[in-house]
């Protein structure tokens, strides 16, 4: 694998159509840091993470000023070593939400780069233990929705191929 030559970071603010409410919070914004990591061969890996409307600019500054520059010159194939190196770089500020969100976007971009270069899907690169993974959606189930809307959404998600849907804090569903 070749060395990392460039890191690009941008943030996209994805505003949901209505305020979303779950068991512990409500929000009107999903700040989404998107990372692109380039290597000397011209390959690119893309990763992202997100906040629920707070902390996005702090995540971006951490990536732009500290974590991104620390990636330059690293062997992009050494994903776990890079993660440990970046964790050490941020040890003085501890691993809280801001650091974890920034590291998640970078880690995802590194895995994407590694898989693209190898021409293999992530499940194979990660060991190939399973051919399939059951999925559920976390996009619905908001507390501000009425029961009928929750049922309609769950049925739409089932038709789209999801095996389940996350419901956000309702005490009982039959």
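Every read-out reported here was derived from the displayed coordinates using simple, explicitly stated rules and does not represent laboratory data. Everything numeric in this text was worked out from a predicted model, so none of it was measured. Please note: Cβ atoms are built from the backbone with ideal geometry, for glycine as well, and neighbour counts cover all protein chains shown.
Here are the numbers for the structure shown:
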read-out	value
Gyration tensor (alpha-carbon) shape descriptor, the stretch 1-148, a/c threshold 1.5	oblate
Residue-averaged 222 nm ellipticity for the chain, from DSSP H runs of 4+ at -39500 (n - 2.57), nearest 500	-10500 deg cm²/dmol
On Cα atoms only, tilt of 147-159 relative to the major axis of the chain in degrees	50
Label-zone membership for the stretch 57-72, site residue 13, 7 angstrom Cα→C-beta point, backbone N under 11 Å	57
Approximate spin-label separation residue 158-residue 85, in nm, with each point projected 7 Å along Cα-to-Cβ	4.9
Cut-off 19 Å (backbone N to label point 7 Å along Cα→Cβ of residue 78), residues of the stretch 1-17	1-7
In degrees, nearest ten, helix 79-89 long axis to first principal axis of the chain (Cα)	90
13 Å reach of a label modelled at residue 46, 7 Å along Cα-to-Cβ, counting backbone N of the stretch 98-131	109, 112-113
